[in-house]
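K.L.:
Once you've had a glance at the structure underneath, I'll fire off some questions.
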Amino acid sequence: MNTTPLSLDEIYNLAYTSLSNNGCDEYNAEAVSTTVMHAERDGSVSHGLFRIPGYIASLKSKKVKGNSKPSNIFLTQNAIRVDGDYGFAPTAIKVGIPLLIDTTSKHGVGVLTITNTHHFAALWHETEAIAENNLIGIACTAYKPSVAPAGAKKPLFGTNPISFAWPRKNKTPIVYDMATSTMAMGEVQVAARDGHKVPYGTGLNKDGKKTDNPSEIANGGVLLTFGDYKGSAIAMMIELLAAGLVGDLFSFEAKDEDNNDGGPARGGEFIMALSPELIAGKDWNEHAEKFFKQMTSLEGVRLPGQRRHNNRNDKGPRHINTNLVEKIKSLI
Ligand code: NDP
């Protein structure tokens with residue numbers, strides 16, 4: 001694979017210019033470009049510049065509003081709803097997260113439901129922002145069906161990611177962020193693009209047989225959930241929280257509505273925050289640190305989020321797939 005070195009500023013500018021030249025106003029372009037740049041910075045490549053052609057396709061088809069103006073209402077003193085106004089999710093998240101942090105810091109528990117957005121990004125952006133304010137963050141979202149429930153050969157669930165972040169005083173938070181499928185579809189697409197195999201059993205081909213060929217999974221096949229019926233139960237819970245509770249589309253409904261322009265389908269997101277200070281008490285950090293000490297004393301253990309935070313320390317250029325860079329430039 002040929003790569004082109006781009007600094008973080010160049011990555012941001014490439015994303016920003018391509019989005020603003022295709023209909024995003026300053027607020028929307030800034031929110032999405034920041035998310036894209038942060039993904040490349042941390043090595044979340046399947047949610048960085050790789051997503052720009054999809055974002056642009058959905059601006060061109062007018063499925064997504066590039067001038068969205070998210071609005072918020074308080075459903076209760078600590079349950080907030082942000083209506084994304086049919087824009088990209090980072091714009092609604094930018095409105096909702098500060099409100100969630102504020103109300104959870106006061107009341108101990110807070111819920112943020114995001115509706116009418118198009119989510120194509122990693123979820124650690126939102127949970128990590130919550131944890132950086134000494135709160136626990138949990139987020140999940142559904143997507144169009146590409147994952148079979150346990151026992152089935154046809155898709156019903158999205159790859160339905162869930163992220164959890166735990167704050168640490170004077171340290172980067174613990175953050176996990178994972179699709180409930182064996183792999184994120186973006187990773188499968190990147191593997192197909194780069195000619196790599198995926199682990200056998202990542203998904204089924206169009207005939208319902210297990211395969212290690214990412215193209216067969218992405219084109220007419222289906223992904224499986226991690227951990228068989230246990231992952232399937234978590235994927236179902238995410239459908240219920242991010243669609244049933246939020247009051248937005250289940251994955252199967254998102255598929256029926258979507259125009260298949262290659263950009264993100266419409267849907268909701270469920271985000272929750274908890275204050276360890278108000279719920280566990282003043283020694284919450286020291287207590288949890290004892291646990292992390294035990295955990296990391298075991299040979300072979302690393303804490304989730306560590307790989308990204310290590311990547312973040314590298315201030316140098318990121319090496320981006322040259323075909324992707326050329327493709328984005330051709331869309332400007
Ligand atoms: P991975 O399987 O790469 O990683 C899942 C989590 O496990 C990460 O938090 C990672 O931390 C952690 N981890 C990995 N290896 C280890 C290890 N050896 N020890 C401890 N922790 C480990 O992620 P996925 O492929 O499942 O998901 C990728 C992304 O796709 C996510 O960010 C998700 O939000 C996004 N996504 C978004 C969708 C959407 O609709 N918006 C749909 C589906 C997925 P670390 O980062 O430090 O490696």
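K.L.:
Using a cut-off of 25 Å between alpha-carbon atoms, which lysines can reach residue 106, once sequence neighbours fewer than 8 places away in the same chain are excluded?
P.N.:
Counting by Cα, and skipping residues close in sequence, residue 106 has these lysines nearby: 94, 169, 171, 282.
K.L.:
What Kirkwood hydrodynamic radius do you get for the chain when you take the inverse of the mean 1/r over all pairs of distinct Cα atoms, in Å?
P.N.:
20.4 Å
K.L.:
Using only Cα atoms, what is the ratio of the radius of gyration of segment 1-85 to 2.2 N^0.38 Å?
P.N.:
1.26
K.L.:
Multiply the residue separation of residue 152 and residue 72 by 0.36 nm, subtract the distance between their alpha-carbon atoms, and state the gained length in nm to one decimal.
P.N.:
The residue 152-residue 72 span can extend by a further 24.9 nm.
K.L.:
Order 293, 329 by their accessible area, 1.4 angstrom probe, all chains in place, largest first.
P.N.:
293, 329
K.L.:
Of the beta bridges DSSP finds with both residues in segment 64-220, what % are antiparallel, to the nearest 5?
P.N.:
Expressed as a percentage, antiparallel bridges in segment 64-220 total about 70.
K.L.:
With +1 on each Lys and Arg Cβ and -1 on each Asp and Glu Cβ, how big is the dipole of segment 95-215 about its Cα centre, in debye rounded to the nearest 20?
P.N.:
380 debye
K.L.:
Compare the Cα positions of 233, 117, 91 along the charge dipole of the chain (+1 at Cβ of Lys, Arg; -1 at Cβ of Asp, Glu; about the Cα centre) and return the one farthest towards the positive end.
P.N.:
233
K.L.:
Something else: Need one number: nm distance between label points at residue 25 and residue 102, each 7 Å from Cα along Cα→Cβ, rounded to one decimal.
P.N.:
So the two model labels end up 2.1 nm from each other.
K.L.:
Here is a follow-up. Just going by the charge dipole of segment 249-306, with Lys and Arg at +1 and Asp and Glu at -1 on Cβ, which of 281, 254, 270 is farthest out on the positive end?
P.N.:
281
K.L.:
With the full set of protein chains in place, find how many percent of the accessible area of the chain is carbon and sulfur; take the probe as 1.4 Å.
P.N.:
54 percent
K.L.:
Return the aspartates and glutamates within reach of residue 63: Cα separation strictly under 12 angstrom, same-chain partners fewer than 8 residues apart disregarded; answer none if there are no such residues.
P.N.:
Leaving aside aspartates and glutamates fewer than 8 places away in the same chain, those within reach of residue 63 are 85, 257, 258, 261.
K.L.:
Which residues in segment 2-25 place their backbone N less than 19 Å from a point set 7 Å from the Cα of residue 322 along the Cα-to-Cβ direction?
P.N.:
2-7, 11
K.L.:
How large are Rg and Dmax for segment 202-321 when calculated on the C-alpha trace, in angstrom?
P.N.:
When restricted to the Cα atoms of segment 202-321, Rg and Dmax are 20.4, 56 Å.
K.L.:
Measuring from the lowest to the highest alpha carbon on each principal axis, how far does segment 270-332 reach, largest first, in angstroms?
P.N.:
Taking the Cα atoms of segment 270-332, the three principal extents are 54, 34, 21 Å.
K.L.:
Show me the chymotrypsin sites (Phe, Trp or Tyr not before Pro) within segment 119-226 that DSSP assigns to loop and that have at most 13 other Cβ atoms within 10 Å of their Cβ.
P.N.:
Sparse-neighbourhood loop chymotrypsin sites (Phe, Trp or Tyr not before Pro): 200.
K.L.:
Taking K and R as +1 and D and E as -1, what net charge do the other residues with C-beta under 14 Å from the C-beta of residue 71 add up to?
P.N.:
That sum, taken over residues with Cβ under 14 Å, equals +2.
K.L.:
Just grab the label-to-label distance for residue 3 and residue 205, each label 7 Å out from Cα along the Cβ direction, in nm (one decimal).
P.N.:
3.2 nm
K.L.:
Okay, moving on. Suppose a student asked you for the relative contact order of segment 62-124, using Cα pairs under 8 Å spaced at least 6 residues apart; what percent would you report?
P.N.:
Computed over segment 62-124, the figure is 35 percent.
K.L.:
For the charge dipole of the chain, defined by +1 on Lys and Arg C-beta atoms and -1 on Asp and Glu C-beta atoms about the Cα centroid, which residue among 321, 211, 134 has the Cα displaced farthest towards the positive pole?
P.N.:
Projecting each Cα onto the dipole axis, the largest value belongs to 211.
K.L.:
A further question on this structure: Beyond 27 Å between alpha-carbons counts as too far, so tell me which of 62/327; 230/255; 60/153; 206/329; 62/210 fall in that bin.
P.N.:
Cα-Cα > 27 Å for 60/153; 206/329; 62/210; rest within.
K.L.:
How much of residue 230 can a 1.4 Å solvent probe reach, expressed as accessible area in Å² and rounded to 10?
P.N.:
Number for this one is 130 Å².
K.L.:
I'd like the GluC sites (Glu not before Pro) in segment 223-332 restricted to DSSP loop residues with at most 12 other Cβ atoms within 10 Å, sorted by number.
P.N.:
The qualifying sites are 299.
K.L.:
Continuing with this model, one more query. Starting from one equal scatterer on each C-alpha and no solvent at all, send me the Debye-based log10 I(q)/I(0) for segment 1-155 at q = 0.16 Å⁻¹, two decimals.
P.N.:
Log10 I(q)/I(0), no solvent term: -0.94.
K.L.:
Now a separate question. Within 13 Å, Cβ to Cβ, of residue 204, how many net charges do the neighbouring residues add up to if Lys/Arg are +1 and Asp/Glu are -1?
P.N.:
+2
The values are calculated or read from the model by the stated rules, or taken from the named source; none is laboratory data. Since this is a predicted model, take the numbers as computed values, not measurements. Every residue, glycine as well, gets a Cβ built from its backbone with ideal geometry; the counts of neighbours run over all protein chains shown. Ligands, DNA and RNA are stripped out before the accessible areas are found, and what is left, the full protein with its side chains, is counted by its heavy atoms. Shrake-Rupley method; radii C 1.70, N 1.55, O 1.52, S 1.80 Å.
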